[in-house]
Amino acid sequence: MNQPIRVVALLAGSLLLAACGSMGKKEETAPAQTVDQSSTGTATDKGSATATGAMPVSPTSLKALDEPSSPVYSRVIYFDFDRSEVKPESQTLIAAHAALLAANPGIRVRLEGHADERGSREYNLGLGERRSKAVDRLLVLNGAGANQLESVSYGEERPVALGHDESSWWQNRRVEIVYPSR
């Protein structure tokens, strides 16, 4: 099977999986709130159109990163406790970022994996790495170039929420997609 057909087949499978996952039972209800992430200049809303499985318009300009209505405005993928599997509702967001990267092959991004405070420092560094690598794989499967991606893990070292409750832990279990100069 040649490369373009493989990419299209994988994209179709990802979209089908995302559609099927949205019809099943919900695993965990996360707090519906905006997370301010000043260090990366991003914000995300768990209930935004990009997280609900709505089909995104493929952005081609980096200006889309600054437009709140754009599918690539959100740059944070959240994870369940002690898990590194990307949730079905994040598939559309990842596909939109992959399309942006594919349209801009000169752009590189850093995928920063994070964990909440539970677990040892070493374990959380490994978990953050597994999370960033999971997003890396999906970006490549959706058309981004492997040479455009750098995966790093900060474990529990860079929390966005300092509380010791589920709301704070949920915000800290994430991968941030960091574009240059943003």
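The values are calculated or read from the model by the stated rules, or taken from the named source; none is laboratory data. Keep in mind that this is a model prediction, so the values were computed, not measured. Counting neighbours? That spans all protein chains shown, and the Cβs are built from the backbone with ideal geometry, glycine included. Heads up: the accessible areas ignore ligands, DNA and RNA and are worked out on the full protein's heavy atoms, side chains in. Shrake-Rupley method; radii C 1.70, N 1.55, O 1.52, S 1.80 Å.
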Open item on the list: Against the definition (open to solvent by less than 30 Å² (accessible area, probe 1.4 Å), modelled with pLDDT of 95 or more and under 20 Å from S168 (Cβ atoms)), how does H114 come out, yes or no?
Closed with: yes
- [ ] With the checklist (1) of a type in the set (S, T, N, Q); (2) open to solvent by 10 Å² or more (accessible area, probe 1.4 Å); (3) over 30 Å from S61 (Cβ atoms) in hand, flag the one item N124 doesn't pass.
- [x] (2)
Open item on the list: Can you name every one of the helices (runs of 4 or more DSSP H) wholly within the stretch 84-182 that holds 2 or more residues which are under 21 Å from P68 (Cα atoms)?
Closed with: 91-103
TODO: Output the number of residues of the stretch 141-168 satisfying the condition of being buried (at least 17 other Cβ atoms within 10 Å of the Cβ) and either within 18 Å of V72 (Cα to Cα) or under 15 Å from the mean Cα position of the chain (by Cα) (or both).
DONE: 8
TODO: Spot the failing condition for K133; the list is (1) open to solvent by 30 Å² or more (accessible area, probe 1.4 Å); (2) more than 13 Å from I177 (Cα to Cα), and only one is missed.
DONE: (2)
Open item on the list: Give me the residue from the stretch 72-96 that is closer than 20 Å to E166 by Cβ and among the basic types (K, R) and, out of that set, most open to solvent (accessible area, probe 1.4 Å).
Closed with: R83
Task: For G106: the one exception among (1) farther than 16 Å from R75 by Cβ; (2) crowded, with 16+ Cβ neighbours inside 10 Å - done: (2)
